[in-house]
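The values are calculated or read from the model by the stated rules, or taken from the named source; none is laboratory data. If you're wondering where the values come from, they're calculated on a predicted model, not measured in any experiment. Positions of Cβ are generated from backbone atoms using ideal geometry, with glycine treated the same way; all protein chains shown enter the neighbour counts.
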Amino acid sequence: MSRGFDPVEFGIRYGFLLLMAGLIVGFSVAQPAFMSARSAVFIFQSVAITGILALGVTATLVVGGFDLSIGAVATSSMMLAAYAQVIWQLGAIEAVALCLLMGAAVGYINGVLIVKMRVPDLLATLGMMFLLMGLQRIPTEGNSISTGMALPDGSNATGTFSPSFLMLGRHRLDVVIENLLPLSVVFLIAIAVLIWIFLEMTRHGRIMYAIGSNDRAAALAGIDVNGYRILAYVISGTLASFGGILLAARLGRGDVASGNNLLLDAVAAALIGFAVLGAAKPNAFGTAIGALFVGILLQGLTMLNAPYYTQDFIKGAVLVIALVFTFALSGRRGRARH
């Protein structure tokens, strides 16, 4: 027998999506150019790297962990990609492979520190964040990496970025309009779909959710809890390094000042994902929507000429409201069922 319309249930499931739709309508009325195809593509491009990092964070949240090192991994990957091509004069394939291996290695070390050494995840990944932030500056004495730069030994860098590498961050596909869809957006969509399939539709993904829900029960059921936790951090590190590759390809240099907001934006996207469709849990679809929401919010504020120093405040307010809204209503739903 149907219970009829339940406003609490409706709010939990669709409240956030309605909020996002309201933002789109509001920004479009205030600034009609917001609804243009170019504006939409700019939003997607601006959140592509953040979204990829956020999907990595989601993998660690699923197993009850958290990765604070993703921003540092991404910037280290960006610097390594630049160093490999400009200083070592390696090709695009070698540079990409080195960065992905570095990200996977950092993720593995984080996982081992957490599950073998029993270091709390926040402390382990925070320590790794500071380690990488310092390490990436040592080879160039804190300077950005670009062709012709002066090296510490007095010589000049003669290597250049491979055109095929730069294509990863700059190439646009013809979709309705010529040169409309950035390749980085295609990567984001593909990775989001793969992570969603892995977490929601495979045995391994269900096991990871079980570990995050009750790791002791999972261990008693014969699940390799430590192995899956390490895997989550390897996924996070690898995706963060790929985000750094795209950032290096977009900028065409290794900029030590870039990527400062990657961690906060990625974490915000992953946590906002809890509010999408009332999931109240980490999930790939919600994370992708959360990244898109952040992009819509920032693009709209920028087009309305909102002061840049208000953007972090607004992002934080939206995150707090989304989480309070989600978990408060979820608590009411749980009490109602009992």
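Before moving on, here are some points about what is shown:
- Beta carbons closer than 7 Å, at least 6 apart along the sequence or on distinct chains, pair a first residue in segment 296-319 that is over 18 Å from Leu17 (Cβ atoms) with a second that is surrounded by fewer than 13 Cβ atoms within 10 Å (Cβ to Cβ) for Met303/Ala33; Leu304/Ala30.
- Members of segment 166-197 found to be β-branched (Val, Ile, Thr) and either in contact with a strand residue (DSSP E or B) (Cβ under 7 Å, 6 or more places away or on another chain) or closer than 17 Å to Ile245 by Cα (or both), listed by number: Val175, Val185, Val186, Ile189, Ile191
- Annotation note: of Leu68, Leu98, Leu53, Leu23, the sole residue that is surrounded by 24 or more Cβ atoms within 10 Å (Cβ to Cβ) and within 30 Å of Arg170 (Cβ to Cβ) is Leu53.
- Subset of segment 35-89 [in a helix (DSSP H, G or I) and of a type in the set (S, T, N, Q)]: Ser39, Gln45, Ser46, Thr50, Thr58, Thr60, Thr75, Ser76, Ser77, Gln85
- Filter pass, Leu199 being closer than 24 Å to Ser146 by Cα and hydrophobic (A, V, I, L, M, F, W, C): no
- Look at (1) surrounded by 19 or more Cβ atoms within 10 Å (Cβ to Cβ); (2) polar (S, T, N, Q); (3) within 22 Å of Thr125 (Cα to Cα) and you find that Ser184 fails only one, number (3).
- Figure legend. Inter-residue proximity from segment 129-146: first residues within 13 Å of Ile87 (Cβ to Cβ), second residues modelled with pLDDT of 90 or more and among the β-branched types (Val, Ile, Thr), beta-carbon distance below 6 Å, spacing 6+ or different chains. Indicated pairs: Ile145/Val86.
- Test for Val73: is it under 18 Å from the mean Cα position of the chain (by Cα), of a type in the set (Val, Ile, Thr), surrounded by 15 or more Cβ atoms within 10 Å (Cβ to Cβ) and at pLDDT 95 or above: yes
- Given (1) of a type in the set (A, V, I, L, M); (2) free of Cβ contacts under 8 Å to residues at least 12 places away in the same chain; (3) farther than 24 Å from Ala291 by Cα, number of the condition Val175 does not satisfy: (3)
- For segment 281-290, the criterion of a residue being more than 25 Å from Ile12 (Cβ to Cβ) and either touching a residue at least 24 places away in the same chain (Cβ under 8 Å) or small (Gly, Ala, Ser) (or both) is satisfied by no position.
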